[in-house]
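Peer 1: Here you go, one structure.
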Amino acid sequence: MSLTIGQAAPDFEIANQHGEKVSLSSFKGQKNVLLMFYPFSFTGTCTGELCAIRDDLSSFQNDDLQLLAISCDSPFTQRVFAEQEKYEFPVLSDFWPHGAVAKSYGVFEESKGCALRGSFLIDKEGVLRWEVKNGWAARENADYKAAIAAL
């Protein structure tokens, strides 16, 4: 699926690392949302990206912005990953139906069964304002910060 800047972002409801349901629409009218899809928990580049965000979390999760990290790993994997790396943000499981949320954002890689690296900034009204799709390459935190500042 191809998304267009300025259109409503696809809603979803999936479990976080604690098994609690999280929906995009639950933030509507309250917070902007940064969705960050990544391929696999416990892999070098994915862990590195998320740890860099963890170490500068106030830039990515605050009173005005909510970070949601998403992969197709199981909720059980997400819990251990988040605990091991001390992530204080939701780590969501797009496990079943497998990759449904990643597919709706156009970042699911069928041949590998995982999400590619894709990030989406959604405003408080649920409208897509910025995206970057990096495939397998790491993303730059400076790009996020510039997009967040432009909101």
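What follows draws every value from the coordinates through simple rules; no lab data is involved. In this text the structure is predicted, and so the values were computed from the model without any measurement. Positions of Cβ are backbone-derived with ideal geometry, glycine not excepted, and every protein chain shown enters the neighbour counts.
Peer 1: Give me the base-10 log of I(q)/I(0) for the chain at each q in 0.10, 0.15, 0.16 Å⁻¹, Debye formula, one uniform scatterer per Cα, rounded to two decimals.
Peer 2: Listed by q, the Debye log ratios stand at -0.29, -0.69, -0.80.
Peer 1: Please arrange Trp130, Trp136 by counting, for each residue, the other beta carbons lying within 10 Å of its beta carbon, fewest first.
Peer 2: Values: Trp130 18, Trp136 10.
Placing the least packed residue first, the sequence is Trp136, Trp130.
Peer 1: Using alpha-carbon pairs under 8 Å, 6+ residues apart, how would you state the relative contact order of segment 1-139 in percent?
Peer 2: Working: 283 pairs, mean separation 46.8, N = 139.
Contact order relative to length: 34 percent.
Peer 1: My understanding is that a pair violates if its Cα-Cα distance is over 25 Å; which of Lys21/Lys86; Lys31/Lys145; Lys86/Lys124; Lys86/Lys112; Lys31/Lys86; Lys31/Lys112 do that in this structure?
Peer 2: On the way: Lys21/Lys86 20 Å; Lys31/Lys145 16 Å; Lys86/Lys124 27 Å; Lys86/Lys112 27 Å; Lys31/Lys86 23 Å; Lys31/Lys112 33 Å.
Violating the 25 Å limit, Cα to Cα: Lys86/Lys124; Lys86/Lys112; Lys31/Lys112.
Peer 1: For the chain, give me the percentage of DSSP beta bridges that are antiparallel, rounded to the nearest 5 percent. Mind showing how you got there, number by number?
Peer 2: Values: 19 of 28 bridges.
About 70 percent, rounded to the nearest 5.
Peer 1: Compute the distance in nm between two label points, each set 7 Å from the Cα along the Cα-to-Cβ direction, one at Ala146 and one at Asp63.
Peer 2: With each label placed 7 Å out from Cα toward Cβ, I get 2.8 nm.
Peer 1: What are the residues whose amide H is under 5 Å from the amide H of Gly126, where those residues sit 5 or more places off or on another chain and H is modelled from the backbone?
Peer 2: Gly29
Peer 1: Sorted by packing (mean other beta-carbon atoms within 10 Å per residue), highest first, where do 45-53, 100-108, 142-150, 81-89 land?
Peer 2: On the way: 45-53: 17.2, 100-108: 20.6, 142-150: 13.2, 81-89: 15.0.
So the order, starting with the most tightly packed, is 100-108, 45-53, 81-89, 142-150.
Peer 1: Order the peptides 58-67, 90-99 from the highest to the lowest mean number of other Cβ atoms within 10 Å of their residues. Write out the running numbers ahead of the final one.
Peer 2: Numbers: 58-67: 15.7, 90-99: 19.2.
Put in order of decreasing packing, that is 90-99, 58-67.
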